[in-house]
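Novice: One structure follows; several queries about it will come next.
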Amino acid sequence: MSWYNLCKTKKIELKPEFYTSSNQINRDHWDSILKNRNIYLSIEYLQALEDALKGQVEFRYIIFYNKESKPVALASVQILDFSNEGFKTNTVYCKVSTKIKNKLLENLDVKMMVCGNVFACGENGFMHTNDVSSEDAYNNLSNGLYELRQTQKTDKPISVVLLKEFWPSSFSKSDILKTAGFKDFKVDVNMILKIHPTWGKMEDYLASMTTKFRTKAKGVYKKSGEIAVKDFTEADIVEHKAEIENLYSAVVERADFKFGVLNGDAFVNFKKNHQDDFIFKAYFLKEKLVGFSSSFIANESVDANYVGLDYEYNYTHATYQRMLYDFVELAIERKAKELRLGRTAEEIKSCIGAEPTDMKLYLRHRNSISNKLLGPIIATITPSEFELRYPFKAEFTPAV
């Protein structure tokens, strides 16, 4: 039985319309589904990402219509190479590749189709309205991805389809994908700091910490005391674009696996398209740019995103640790409910109060036999272990 037929149990069949560029999308239809609920699915963000990744990643989009021709769901898809040399930006794919490359994909020189965003953690690939049930929405998504894969004329076949990454609140809905043969698994946690309503300023946050961790924070500020932090405008990013690319590349090259490298134009476009909802902080030691951090503000959250570092100064001036405290301060200033810090460096992030949140992904191989073998292999993929720290006083009640 084919993947498509496995999905035919759905009660309502939606009609998918496919697009090869965000410029082709019917903006009114897309926005009527999106309703400003996810900045990573906004046309402005997608256009900026496309422009920055021309020649590296292919983009596809789907709008699903009901029988009354009303748009009720959307999907954002990226098609990219999954090779031994790989790209280095996301440990999710490193873990997947290590487990399956010799057992399922042989030389691992294949195409992968990702419903989601390989450059941002979170549920950034699919959304539907209340005009369709979650069960029907996910069944139609599975069929839409199947049809999309079947119609793609690529230099090599699309062997693997990945849906990333779902929050725990969505597991009961997204698990419908398993009826279409998708295998679910978890990877490294997303570290999230809930912003306490009593934190009106940074001093309130520091006061809620134990003496040990408050002293640690003061040590970071002392080490980074010579560093000047500047909020970059679009013009600033343009002026320092070459330096930004070098700093970003330094971080990417230390990662285990990557799927494309953003250039300086991406940051220019993010700032141009999102203005105050895209924060770009530059870290200067005297006149030298030694680091940068960026984040998006959306839905009462601060989503920490790309960083760049000159590692020569990172140890001596605690640049990265300073960035983490600056993210906290930004979240407090913007009256956010939470700060999302993503994966990696879990222990150091827990030192500022961030706690782990499980994320779930779904994977399917185009070949039914290989797909059966996929289950026990990805079952061995587990989140990295780390020592969780708790920096707050015993009497402090965390935000929920």
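The values are calculated or read from the model by the stated rules, or taken from the named source; none is laboratory data. Keep in mind the model is a prediction, meaning the values are calculated, not measured. Please note: Cβ atoms are built from the backbone with ideal geometry, for glycine as well, and neighbour counts cover all protein chains shown.
Novice: If you take the residues of segment 159-169 that are touching a residue at least 60 places away in the same chain (Cβ under 8 Å) and of a type outside the set (V, I, T), which of them is nearest to S368 (Cα to Cα)?
Specialist: Filtering first and then ranking leaves S159.
Novice: Quick one: which helices (runs of 4 or more DSSP H) lie wholly within segment 150-233 and hold at least 3 residues that are out of contact with any Leu (no Cβ under 7 Å at 6 or more places or on another chain) and more than 30 Å from F119 (Cβ to Cβ)?
Specialist: Values: elements: 171-174, 202-207, 211-223.
Ranges flagged: 202-207, 211-223.
Novice: Can I ask one more? Checking V238 against (1) surrounded by fewer than 15 Cβ atoms within 10 Å (Cβ to Cβ); (2) touching a residue at least 24 places away in the same chain (Cβ under 8 Å); (3) over 26 Å from G353 (Cα atoms); (4) out of contact with any strand residue (DSSP E or B) (no Cβ under 8 Å at 6 or more places or on another chain), which single condition isn't satisfied?
Specialist: Condition (1) is where V238 drops out.
Novice: Here's a check for you: in segment 17-56, which residue that is surrounded by 17 or more Cβ atoms within 10 Å (Cβ to Cβ) and β-branched (V, I, T) is farthest from V72 (Cα to Cα)?
Specialist: I39
Matching residues to (1) crowded, with 20+ Cβ neighbours inside 10 Å; (2) modelled with pLDDT of 95 or more:
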{"position": "R254", "(1), (2)": "no, no"}
{"position": "F257", "(1), (2)": "no, no"}
{"position": "D265", "(1), (2)": "no, no"}
{"position": "N269", "(1), (2)": "yes, no"}
{"position": "F278", "(1), (2)": "yes, yes"}
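Novice: Any residue that is in the same structural domain as G225 (by TED's automatic domain parsing), among the aromatic types (F, W, Y), under 19 Å from the mean Cα position of the chain (by Cα) and more than 30 Å from G55 (Cβ to Cβ) - is there at least one of those in segment 321-340?
Specialist: Checked against the condition, which is being in the same structural domain as G225 (by TED's automatic domain parsing), among the aromatic types (F, W, Y), under 19 Å from the mean Cα position of the chain (by Cα) and more than 30 Å from G55 (Cβ to Cβ), segment 321-340 yields at least one hit.
Novice: Which residue pairs have Cβ atoms closer than 6 Å, lie 6 or more positions apart in sequence or on different chains, and pair a first residue in segment 347-368 that is in a loop (DSSP other than H, G, I, E, B) with a second residue that is of a type in the set (S, T, N, Q)?
Specialist: Between residues of segment 347-368 that are in a loop (DSSP other than H, G, I, E, B) and residues that are of a type in the set (S, T, N, Q), the close pairs are M359/N190; R366/S159.
Novice: If you don't mind, there's one more thing I want to ask. Which of (1) at negative phi; (2) crowded, with 20+ Cβ neighbours inside 10 Å does A318 not meet, given it meets every other one?
Specialist: Among (1) at negative phi; (2) crowded, with 20+ Cβ neighbours inside 10 Å, the lone unmet condition for A318 is (1).
Novice: Can you give me the number of residues within segment 40-86 that are in contact with a His (Cβ under 9 Å, 6 or more places away or on another chain), aliphatic (A, V, I, L, M) and at pLDDT 95 or above?
Specialist: 4
Novice: Assuming P197 fulfils every condition listed in (1) in the same structural domain as I12 (by TED's automatic domain parsing); (2) surrounded by fewer than 22 Cβ atoms within 10 Å (Cβ to Cβ) apart from one, which condition is it?
Specialist: Evaluating P197 over (1) in the same structural domain as I12 (by TED's automatic domain parsing); (2) surrounded by fewer than 22 Cβ atoms within 10 Å (Cβ to Cβ) leaves (1) as the failure.
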